[in-house]
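Undergrad: Here it is, the structure, as structure tokens.
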Amino acid sequence: MRKRVASLLVLALSAVLLATGAAGTAQATVSASIPFTYDGKDVRVKIYSRDVGDTTNSPVFKYGDLLNRAIRYKDANPSTEVTVRFAMYTMAHDVYIGFNPDDPASYGRVEDNDFGGTNSEKLSYSLVKAAMHKVKVDFVYQKDAPDEMPPKSGNKTNTVLNYVTGLLDDPCTGDANCQVGDYLRIRKVTWGDASEKQMHAKYMTVSHYLGDSGAAVLGTTYTTTTNVDQHNSVGVPDGPIEPDVVGNSDDHNWVQSGTLVNGHPELMRAYDGYFGKIYDNATNQAAFHTAVRAAHAAGRLNYDDKHFSAYFFPIPETTDAWNTTFNPIAKYVDQMAKVSGDRYLKVNMYHLKTDDFGERLYQELKKIYDSPDTALKHFRFIVKTNTGNEELSLQSTYGEIGKLKYYEADHGVKKTHTKNTMFAFSGPHEYYSITGSTNLKYDENTSKANSSLVIKEFTTDHPVYNEYKKIYEYISLD
């Protein structure tokens, strides 16, 4: 017990130091609102982030914040149907969110205990509470967080599922004729334990919620690179820590990001359509693959407009997942090969593999790198690898065409769990930021449930790209 208390004190001190800049100011984890006004749309974007050691986990917090803001909208507008759809790969049950903006001491925090009293609650309960207030909530997930405790194939639980289903018969707030189950649906994906069997998506859509000014916010999509992981009592994701023995802690103290898009109902509906395919096929991955690929063939799944695109996986079958129509990485690498001027690629990625997809990606980038034109070809890769063999493989490929940095425990390099890729083409002034749940590996594109959001900017002022660059610079290469 003394050892654990001491560890928590060290974590708290480290968090203060890591979240503070040279001038002693707190590191911003939520960007300013970034406007996109075009084609009759008035869209707003915010970028959320977490650095290693931060005790404020803004990307995870926002899920609970959105649920509670949807409740406030529904209470103020009882005749309006308010919907929430939430897809999450791993969901920890004992994760508490400080949800009340009128209590600044707790608002924005995420911990493993009810630290804010009436101003904090389990995220699992936030789902139930929303249904009590007649917000229609659909929730699908695959793993309870204890499933991640080594060995991953053991310790199977249904903690979140059992908790939520145990409350479905509870009455709605102020209406004894209504039950939670009238407004809340939940399913757990049962595709299997192997990597290619993962329902790996991490996003939430919200039809209506109340913003900071009290104005209605419509058509929201929120996507993260993070799961809802276990946290400790100072707000740091640390994975399961009981029993407290060597080797039984799954440290998730990683760089993460989240992206909020408001005022874009068409984008939200695209994510909702994909959610339906996951939810309807939660017990049958083959049927899920068939449904997704049929929608791809009919052109009814992905979304694209001037500034936003959404890609949903798996893509149509291919030997190396290289498809410039359905895979955004392939699309923009192909575009990079065709534009003039300086070209920049920044990859901040949990997994970059040298499998069939990774090898094809390397070969396509190498063609650009070796091309005879004199324009700058600036390639940078930050990767969290798992084995020494992976590191050697990446160094002998990607390390030859740019700078590569990967996690090394002995050298203090931070772990990243983001899935962010940034393209900058200075000649035509085009900037593309790709985020979501999709890693750079073959099965992420061809088997798992994943989504990727692309935000496109076409001026020298590219604030979204700059925000992702800041997160990339949490682990600086230069």
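Any read-out appearing in this document is the output of simple, stated calculations on the displayed coordinates, not a laboratory observation. These numbers come from a predicted model, not from an experiment. FYI the Cβ positions are ideal-geometry reconstructions off the backbone, even for glycines, and counts take in every protein chain you see.
Undergrad: Let me spell out the model: positive unit charges on the Cβ of Lys and Arg, negative unit charges on the Cβ of Asp and Glu, origin at the Cα centre of the chain. What dipole size does that give, in debye rounded to 20?
TA: Magnitude of the dipole: close to 460 debye.
Undergrad: Between residue 460 and residue 114, with labels modelled 7 Å along Cα→Cβ, what's the label distance in nm to one decimal, could you check?
TA: Distance between label points: 5.7 nm.
Undergrad: Divide by every residue of the chain the summed helix terms, -39500 (n - 2.57) for each DSSP H run of at least 4, and state the resulting mean residue ellipticity at 222 nm, rounded to the nearest 500 deg cm²/dmol.
TA: Computed mean residue ellipticity for the chain: -8500 deg cm²/dmol.
Undergrad: Testing the spin-label approximation: label points 7 Å from Cα along Cα→Cβ at residue 473 and residue 319. State their distance in nm.
TA: 4.3 nm
Undergrad: Once the Cβ-Cβ distance between residue 370 and residue 415 is put in as r, and R0 is 30 Å, what FRET efficiency do you end up with, to the nearest 0.05?
TA: Calculated value: 0.40.
Undergrad: If you don't mind, there's one more thing I want to ask. If you take the Cα atoms of the range 94-218, find Rg, then find the Kirkwood Rh from the mean of 1/r over all pairs, what is Rg/Rh?
TA: 1.00
Undergrad: Which label belongs to the value computed from this structure, given these candidates for Cα Rg over 2.2 N^0.38 Å: (i) 0.95; (ii) 2.65; (iii) 2.51?
TA: Given (i) 0.95; (ii) 2.65; (iii) 2.51, the calculated one carries the label (i).
Undergrad: Taking R0 as 22 Å, what's the FRET efficiency between residue 304 and residue 334 from their Cβ-Cβ distance, rounded to 0.05?
TA: Rounded to the nearest 0.05, the efficiency is 0.90.
Undergrad: Would you kindly calculate the mean projected area, averaged across all directions, of the convex hull enclosing the Cα atoms of the range 41-276, in square nanometres?
TA: Taking the Cα atoms of the range 41-276, their convex hull projects to 13.1 nm² on average.
Undergrad: Which translational diffusion coefficient, to the nearest whole µm²/s, is obtained for the range 302-475 from the Stokes-Einstein equation, given a Kirkwood hydrodynamic radius over C-alpha pairs, 37 °C and 0.692 mPa s?
TA: In µm²/s, the coefficient is 201.
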